[in-house]
Amino acid sequence: MSFNILKKLNKHLLRQALDAVSVPALVVDAQCEAKLVVYANPAAGRALSLQASELVGRSANSLCLEPVTPESWQLRARDGAVLALRPVPLYAQPGQASFWLLTAAAPAQPAAQAPARPAAVSARIEELPSRIVRDDRTDVTTGIPGRNAFLEVQLRDWVAARQEQKRLSVIVFRIDALESYQKLFGRHATETCLRRVAHAISNSLQRSTDYCARVGNDRFAVLISGGAEDRVAQFAERIAQRVWDLAIHHPRSQPARYVTVSFAMASEIPPASAEEPGLLEDAEARISRGHEPVELRSSSLEAG
């Protein structure tokens with residue numbers, strides 16, 4: 001099937017749609033000889049034990065990505081797992097495909113069939129909580145980095161900021177009344193809500209040096225290097241507005257009838273004598289001390 005999707009559908013909406021699907025999806029530049037990956041959704045990253053951002057910019061050869069038949073491509077992961085991908089051409093203009101959209105019909109299968117697990121073991125695995133992170137670095141529910149990954153990046157950027165005497169800021173966003181949302185709608189709806197909020201925050205990042213992670217059950221953190229403190233606060237308000245604009249219905253929310261986020265911020269130019277960053281902990285402490293939830297005023301959200 002071919003269609004002129006890139007002109008008739010906003011690219012941002014296409015990214016949002018692919019971010020939300022549970023099967024691996026990639027977009028490959030068909031006009032580039034190296035066939036570079038220009039987009040990968042979180043599910044593709046999980047299937048290959050990588051961050052989705054680590055796939056972007058990689059060539060087809062480096063990923064062992066190749067067409068097998070006109071109707072099927074194949075991607076072989078480092079651990080031998082194989083993904084069968086269905087290609088769909090995307091046209092910027094009629095005549096020649098500009099991109100290939102590759103989606104997997106099923107999860108990756110190991111190259112050699114592993115022995116079946118005993119039923120008791122499988123049952124225990126099914127009981128594991130959804131918040132388990134892959135290698136303590138990737139949050140399985142949302143597909144974005146986890147707390148340990150955030151702490152590593154924060155330390156790296158903090159050392160650089162201390163050397164260059166540059167400001168470093170951390171914003172912590174907390175989903176308001178997430179516990180009551182889960183009691184009302186259940187675990188699956190809550191995981192969907194978490195994914196949508198995570199993608200709204202991560203897709204708001206403006207620079208390659210900005211970093212977003214899930215740092216707690218109801219919390220996300222954004223790391224921003226450089227920038228004035230007031231501009232970082234304005235950026236946090238825009239993200240809070242973006243979460244509001246998702247219009248996720250939440251009848252038990254006090255600020256509104258939709259899912260909203262509160263946020264707190266910690267920002268500093270690290271002193272030369274400081275040894276360890278504490279920005280994430282400071283921002284979490286501020287939001288835990290009872291910051292008022294965000295409230296809607298005119299067309300913008302402000303922290304109370």
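The values are calculated or read from the model by the stated rules, or taken from the named source; none is laboratory data. Just so it is clear, the model here is predicted, and its values are computed rather than measured. As a convention, Cβ positions derive from the backbone with ideal geometry for all residues, glycine included, and neighbour counts pool all protein chains shown.
The single condition among (1) modelled with pLDDT of 90 or more; (2) out of contact with any helix residue (DSSP H, G or I) (no Cβ under 8 Å at 6 or more places or on another chain); (3) not aromatic (Phe, Trp, Tyr) that ARG297 does not satisfy is (1). Residues of region 27-46 being in contact (Cβ under 8 Å) with a residue 60 or more places away in the chain, closer than 10 Å to ALA60 by Cβ and either hydrophobic (A, V, I, L, M, F, W, C) or not assigned by TED's automatic domain parsing to the domain that holds TRP73 (or both), which ones? Hit for region 27-46 is VAL28, nothing else.
Yes/no per residue for (1) outside the structural domain of VAL259 (by TED's automatic domain parsing); (2) surrounded by 24 or more Cβ atoms within 10 Å (Cβ to Cβ); (3) in contact (Cβ under 8 Å) with a residue 40 or more places away in the chain:
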{"residue": "LYS166", "(1), (2), (3)": "no, no, yes"}
{"residue": "VAL170", "(1), (2), (3)": "no, yes, yes"}
{"residue": "PHE173", "(1), (2), (3)": "no, yes, yes"}
{"residue": "GLU179", "(1), (2), (3)": "no, no, no"}
{"residue": "PHE185", "(1), (2), (3)": "no, no, no"}
{"residue": "THR190", "(1), (2), (3)": "no, no, no"}
{"residue": "LEU205", "(1), (2), (3)": "no, no, no"}
{"residue": "ARG214", "(1), (2), (3)": "no, yes, yes"}
{"residue": "ASN217", "(1), (2), (3)": "no, no, yes"}
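Regarding LEU223, is this residue closer than 28 Å to ALA52 by Cα and out of contact with any Phe, Trp or Tyr (no Cβ under 6 Å at 6 or more places or on another chain)? So LEU223 fails the test. Out of ALA247, ALA266, ALA228, which single residue is surrounded by 15 or more Cβ atoms within 10 Å (Cβ to Cβ), assigned by TED's automatic domain parsing to the domain that holds GLN154 and small (Gly, Ala, Ser)? Exactly one residue qualifies, and that residue is ALA266.
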